Structure formats: C-alpha cells, structure tokens
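Here the structure is laid out as structure tokens; the discussion comes afterwards.
The values are calculated or read from the model by the stated rules, or taken from the named source; none is laboratory data. Everything numeric in this text was worked out from a predicted model, so none of it was measured. Cβ coordinates were reconstructed from backbone atoms using ideal geometry, including for glycine residues, and neighbour counts include every protein chain displayed. Heads up: the accessible areas ignore ligands, DNA and RNA and are worked out on the full protein's heavy atoms, side chains in. Shrake-Rupley method; radii C 1.70, N 1.55, O 1.52, S 1.80 Å.
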Amino acid sequence: MAGEPQQPEDEAPAPRTPTLLDQMGGLSGIVSSGVPVVVFVVVQAITGILVASIVAAVVSAVAVAAWRLVRGEAVQPALSGLLGVAVCAFVAWRTGEARGFFLLGIWTSLVYGGVFLLSVLVRRPLVGVIWHLVNGEGQDWRRDPRIVRAYDIASLAWVAVFAARFVVQRWLYDSVYADTWLGWVRIAMGVPLAALAAAVTVWAIRRSRQAAADAPADGRRRSTRSSRA
C-alpha cells in the first residue's frame, strides 16, 4: 500500500568460496581416487594376469567418473584420476610388469616433495600459497611470521609424506618384493599418510585465521600505547 515503508527484500546469501578440499572433490573425491589402485592390486593378487589388472583398473576409474557425474559432483578430480590411471596402465603394459603401474606415482612423489621443500626454502610455503590463492584472499599473509611458520610446518608435513612414499616404494620397486608388496604398500601409504598431512594443514589454516583475527587487536593496542606516550 502507498505510503507504507517498504520491507527490505531478503538478500540472497553470498556464494561460499570453494575450499581447497572442495577443489579436490571433497573427501569422497580423495577416497575414490584410490579405488583404481586398490582394484589393480586386488585383481593382480587374485589372477596374476597383468592385462586383466590393467583393464579392471581403467574400468573402475571410468566407473568412478561416471558415478560422480550422475551424482552432480565435481568431475574434474575424477577425470584427472582417470588420466593418471591411463598413463600408469600404459607404462605397465609397455614394461610388461605389474610394478610398472606404480612407476609414475613413485617419481611424482619425488617431484611433489621437491616442490613443497623448495617453497619452504624460498619462504613461500606452498600450503599457504595454494590455500589463499584458491580462496581469493591474496598473499598478504606472508607478512606475518607466525602464519608463515605454520604454513612451513604444514608444507614440511607434505614433504615428509612424499619423501616417505618415494624412498620406500622406490626401494620396493627394485627389490624382490616388488610383485608381492609394492601395491599393498602403495595403498597403505596413500590416504592414511595424506590424512595425517591434511590434519597438519587444517591446523595451519586455523592458526592463520586466528593470527589474522588477532592482528587488528594488536594494532589497536600499539596505537593506544603510542597515543599515551
């Protein structure tokens, strides 16, 4: 009715900025990415037929991608996993050995570990860079030594994970235990170790949030002291 104050319309909630975990497809995306490896190892242990193991791994990777597509979930992590499985399968087929399926992952661990370590050495810890880049928060966090130190620890946790994977699996690859233990060790050092590093990453992110929240209060206290002097 004319003359009556108009009620403000409800504002639509601002869209939530996707987190780093969201970009990786969520927890289900991380877990499902390991399905083809598990399938390959199990089929190889049961049948001992390389071709059957390769086909089973590729089919499972395609099934995971299709399942995420049907559910309306992020497909990009599944497609990336499918590409990785395809490359691993090709290497295994070319070498004619089951252990060739794990060769790409072994050397990828070395590369990833080196990149994370280098980021710490140049004072640009990769965990912090990725987190703030994905969330569009800029890189001002590098001015606070407390935040940098927390992200250093988180990045070094990932260095430890990748280094352990490379050292152990590379040794197994060249040992007589490759055919019997390499696949199972790959599974054991997959999600469990990543979960530990992720826990340290969550701690670092929370610490950076707390430090950022404390910064204005610290600034006000310094300003008050200056005005009293």
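Descriptive notes on the structure:
- Selection within segment 123-141: residues that are touching a Phe, Trp or Tyr at 6+ places or on another chain (Cβ under 7 Å) and assigned to a helix (DSSP H, G or I). The member of this set that is farthest from S208 (Cα to Cα) is L126.
- Test: residue in segment 140-163 that is of a type outside the set (S, T, Y), under 28 Å from G96 (Cα atoms) and in contact with a Lys or Arg (Cβ under 8 Å, 6 or more places away or on another chain): no
- Considered as a group, the residues in segment 81-130 that are β-branched (V, I, T) and in contact (Cβ under 8 Å) with a residue 24 or more places away in the chain include one that is nearest to A61 (Cα to Cα), and that residue is V85.
- Residue in segment 201-218 that is modelled with pLDDT of 90 or more, of a type outside the set (G, A, S), assigned to a helix (DSSP H, G or I) and surrounded by 15 or more Cβ atoms within 10 Å (Cβ to Cβ) present: yes
- Flag not set for R94, criterion: surrounded by 19 or more Cβ atoms within 10 Å (Cβ to Cβ) and either part of a loop (DSSP other than H, G, I, E, B) or not hydrophobic (A, V, I, L, M, F, W, C) (or both).
- Here segment 111-125 is the region considered, the condition is being under 15 Å from the mean Cα position of the chain (by Cα) and farther than 11 Å from D152 by Cα, and the residue that is least open to solvent (accessible area, probe 1.4 Å) is G113.
Yes/no matrix, rows are residues, columns are (1) more than 25 Å from G96 (Cβ to Cβ); (2) at pLDDT below 90; (3) touching a Phe, Trp or Tyr at 6+ places or on another chain (Cβ under 7 Å); (4) open to solvent by 40 Å² or more (accessible area, probe 1.4 Å):
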position	(1), (2), (3), (4)
G34	no, yes, no, no
V42	no, no, no, yes
T47	no, no, no, yes
I54	no, no, yes, no
A57	no, no, yes, no
L83	no, yes, no, yes
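- Every residue from segment 142-197 that is within 15 Å of I130 (Cα to Cα) and either open to solvent by 30 Å² or more (accessible area, probe 1.4 Å) or not in a helix (DSSP H, G or I) (or both): R142, I153, L156, W158
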